Amino acid sequence: MIFTETKIKGAFIIEPELLEDERGFFARSFSQEEFQKYGLETDIVQCNISYNKKKGTLRGMHYQVPPFEEAKIVSCTRGSIYDVVVDLRRDSPTYRQWYAEKLCADSYRALYIPKGCAHGFQTLEDNCIVYYQMGEYYHPECARGMQWNDPSIGIVWPVPVMIISEKDRNYRDFNA
């Protein structure tokens, strides 16, 4: 696996190394040992799937607060998404910065999102499936969100937002 740190401290693009032959390919998508070499969380306690019918669907920006902060590994298993992470860690050198990566089923890449960061994505085509590996269980009492278009953060979304939940639409701007 190839780990490439993004501009957000502790967030990584993870690319599988494909071993190809006439049958197709084989690749590892997770290795506790390799994740630990980069100081990444390796406890996966829950996996989630998100199906999104329409291009322009936006989900986010979500996070959990202590004591149940969560690290995530996000990949797109059908279609393509614009995946966004925002650093909300006050002591981080990349505090209040954002990073986006296009994830698509054909690339097999994933984005590792560390604890203390908000996460969201926008679908770039119809019928997208997103797969999440979670380092913490969902705790509704610790679930939070921030406005997807917070002007102080300045996320640039690639296509017009066509579908967004009322809950996500009504989050407030992030005020630290």
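The values are calculated or read from the model by the stated rules, or taken from the named source; none is laboratory data. Predicted model, so just to flag it, every value in this text is computed and none were measured. Cβ: placed from backbone, ideal geometry, glycine included. Neighbour counts: every protein chain shown.
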**Message:** Between D91, D106, D87, which is within 19 Å of G154 (Cβ to Cβ) and charged (D, E, K, R)?
**Reply:** D87
**Item:** Cβ-Cβ under 6 Å pairs, at least 6 apart or on other chains, segment 29-56 side of a type in the set (V, I, T), far side loosely packed, with under 15 Cβ neighbours inside 10 Å and part of a helix (DSSP H, G or I)
**Value:** T42/Q32; T42/Q36
**Request:** May I ask you to list the residues in segment 34-82 that are assigned to a loop (DSSP other than H, G, I, E, B) and on the phi > 0 side of the Ramachandran plot?
**Result:** G39, G56, G79
**Selected residue [of a type in the set (K, R), free of Cβ contacts under 8 Å to residues at least 40 places away in the same chain and either surrounded by fewer than 20 Cβ atoms within 10 Å (Cβ to Cβ) or in a loop (DSSP other than H, G, I, E, B) (or both)] from K115, K102** = K102
**Qualifying position, being closer than 21 Å to D168 by Cα, surrounded by 19 or more Cβ atoms within 10 Å (Cβ to Cβ), of a type in the set (S, T, N, Q) and at pLDDT 95 or above, among N149, N127, N52** = N52
**Item:** In segment 68-116, the residues that are within 15 Å of K9 (Cβ to Cβ), touching a Phe, Trp or Tyr at 6+ places or on another chain (Cβ under 9 Å) and among the hydroxyl-bearing types (S, T, Y)
**Value:** Y112
**Message:** Tell me whether segment 126-136 contains one or more residues that are out of contact with any Phe, Trp or Tyr (no Cβ under 7 Å at 6 or more places or on another chain), in contact (Cβ under 8 Å) with a residue 12 or more places away in the chain, among the charged types (D, E, K, R) and outside any loop (DSSP other than H, G, I, E, B).
**Reply:** no
**Request:** Filter segment 1-33 for residues that are in a loop (DSSP other than H, G, I, E, B) and under 16 Å from the mean Cα position of the chain (by Cα) and give the result.
**Result:** T6, K7, I8, K9, G10, A11, S29, F30
**Message:** Going by what's in this entry, would D150 be described as among the charged types (D, E, K, R) and touching an Asp or Glu at 6+ places or on another chain (Cβ under 9 Å)?
**Reply:** yes
